[in-house]
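Enquirer: Before I ask anything, let me first share the structure, which is written out below as structure tokens.
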Amino acid sequence: MTSPDTRPDPKELLATLVGFETVSSASNLPLVGFVEAFCRRHGAAVERIVDETGQKAALWITVGPSDRPGYVLSGHSDVVPVEGQDWTHDPFRLTEVDGRLYGRGTSDMKGFLAVCLALLPEMAAAPLARPLHLAVSYDEEVGCLGVRPLIAHLRERGVAPLGCFVGEPTGMAVVIGHKGKYGAKVTFRGRACHSALAPTGVNAVEYAARFIERVRLTAEGLARDGARDDLYDVPHTTGLTALVQGGTALNIVPDRCTVGFEFRAIAADDPRGLADAVLAYARDALVPEMQARDPGCGITVEPVIDYPGLDVSPDAPLVTLAKRLAGRNGHAKVSYGTEAGLFQTLGDIPSVVIGPGDIARAHKADEYVETAELAECAAFVRRLIAESCA
Ligand SMILES: [Zn+2]
């Protein structure tokens, strides 16, 4: 039992959080129940935003005065699966070896959540002039889905925080940008026939191949002549086809081929617009040709992923604050997506990404966070508490 006057240990909290197997396909309610009870026990106000299945929920937690804007510490509760990965330790049981805490989600991003929860009693005890909020989402790993109803909830209630720190693992570097992404699956429906009679069929794989080439040429053009942002490792917008499925036998003209493609865009480009342009090519050039041979042919498009990029000015007050709290001078941009772009775009909440751990360890076997990294994050949160008292 943790009572309000004992100091919760981030390591113990992390062990508890890791023990909840919150892969995105599973319910996160056991974790949510634990966090909610913990926060209430320490005097925080908790709002639970349940999804339409009733199996998942986001949390909006407030410490301090709720009638004025404050800062948000935000993390997702879900983790990626461990299937097919060769783990040295049980991924859902925290294991400490030489200052490293191994377990699924330790870097991405239960370590951050554990630190925030561990400091909740200090937040509650501090003479806060402005509130501190914890935002806990779900289904981040499958397309930043669960934070959207949470942001909508805040908008409905007219909550307009001063800024949001999204605790994805940046090694506590201040991250002011990430690329936006749009991805979709396109299914080409052709007409099957014996391959000996190939000209009488409509070859779905060959039409898909022309589409794939269009994606490739677009990506090549962006790499060659596109806008640049040198804060990114890959300083331009990228695009590619990563999934192709079609055909059943060499002697059958395939009547079906499904292609999965994506664009990841820097702020100067719109990933959805780029996808729309290649899809327009399919609709305007490929489909009429297919339908001239068989009106039943065509394409079906299913959006798979769609989230906005993050692009904050290095001079934004939140960036200056984050640097001061983290004791850092520099800033960076990262190629992976986070919920920060959604807070900024959908919620109109200034956002930066900063958290303990390393994205290079995330989504892999033997994911870990170092105790020293958790301590550095705790120092950051403590300075934010002090800042919120001023
Ligand atoms: Zn993450």
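Values quoted throughout were computed directly from the atomic coordinates according to the rules given, and no laboratory measurement underlies them. This one's a predicted model, so the numbers in the text were calculated from it and none came from an experiment. Heads up, the Cβs are rebuilt from the backbone with ideal geometry, glycines too, and the neighbour counts pull from every protein chain shown.
Enquirer: I'd like the distance between the alpha-carbon centres of the stretch 319-352 and the stretch 236-277, rounded to an integer number of Å.
Expert: Measuring centre to centre over Cα atoms gives 30 Å.
Enquirer: State to the nearest 20 debye the size of the charge dipole of the stretch 212-336 about its Cα centre, where the only charges are +1 on K and R beta carbons and -1 on D and E beta carbons.
Expert: That gives the stretch 212-336 a dipole magnitude of about 400 debye.
Enquirer: Volume per residue, Å³, of the convex hull around the alpha-carbon atoms of the stretch 180-307?
Expert: Cα-based convex hull of the stretch 180-307, divided per residue, equals 101 Å³.
Enquirer: Normalising by the residue count of the stretch 180-307, find the relative contact order in percent from Cα pairs under 8 Å and 6+ residues apart.
Expert: 42 percent
Enquirer: Could you point to the residue in Ala242, Leu197, Cys257 farthest towards the positive end of the stretch 180-307's charge dipole, with +1 and -1 charges on the Cβ of Lys/Arg and Asp/Glu respectively?
Expert: The Cα lying farthest towards the positive end belongs to Leu197.
Enquirer: Sort Cys164, Cys377, Cys39, Cys193 so the one with the fewest other Cβ atoms within 10 Å of its own Cβ comes first.
Expert: Starting with the residue having the fewest Cβ neighbours, the order is Cys193, Cys39, Cys164, Cys377.
Enquirer: Let me ask another. Dipole of the chain (Lys/Arg Cβ +1, Asp/Glu Cβ -1, origin at the Cα centre): which of Tyr207, Ser313, Leu59 lies farthest to the positive side?
Expert: Towards the positive end, the residue furthest out is Ser313.
Enquirer: Enumerate the lysines that Lys323 could reach by cross-link, defined here as Cα to Cα under 24 Å, with residues fewer than 8 away along the same chain left out.
Expert: Partners within reach: Lys110, Lys179, Lys333.
Enquirer: Sticking with this structure for a sec: Taking H as built 1.01 Å from N, whose amide H comes closer than 5 Å to the amide H of Met172, not counting residues under 5 places away?
Expert: Result for Met172 returns Gly355, Gly357.
Enquirer: Using the Karplus equation 6.51 cos²θ - 1.76 cosθ + 1.60 (θ = phi - 60°), what ³J(HN,Hα) coupling, rounded to whole Hz, does each residue of the stretch 67-84 give in order, writing x for Gly and Pro?
Expert: After applying 6.51 cos²θ - 1.76 cosθ + 1.60, I find 9, 8, x, x, 9, 10, 10, 10, x, 9, 8, 8, 10, 7, x, 10, 4, x Hz.
Enquirer: Show me the helices of the chain, taken as full DSSP H stretches, that run 30 Å or more along their long axis by Cα and average -0.5 or above in Kyte-Doolittle hydropathy.
Expert: 204-225
Enquirer: Please tell me the relative contact order of the chain in percent, rounded to the nearest whole number, where contacts are Cα pairs under 8 Å and at least six residues apart.
Expert: 25 percent
Enquirer: While we're on this one: May I ask you to list the GluC sites (Glu not before Pro) in the stretch 44-111 that are in a DSSP loop and have at most 11 other Cβ atoms within 10 Å of their Cβ?
Expert: Counting only loop positions with at most 11 other Cβ atoms within 10 Å, the GluC sites (Glu not before Pro) in the stretch 44-111 are Glu52, Glu83.
Enquirer: So, with +1 on the Cβ of K and R and -1 on the Cβ of D and E, and no other charges, what is the size of the charge dipole of the stretch 48-120 about its Cα centre, to the nearest 20 debye?
Expert: 280 debye
Enquirer: OK, next. To the nearest 20 debye, what charge dipole does the chain have about its Cα centre, counting +1 at the Cβ of each Lys and Arg and -1 at the Cβ of each Asp and Glu?
Expert: Once rounded to the nearest 20, the dipole reads 440 debye.
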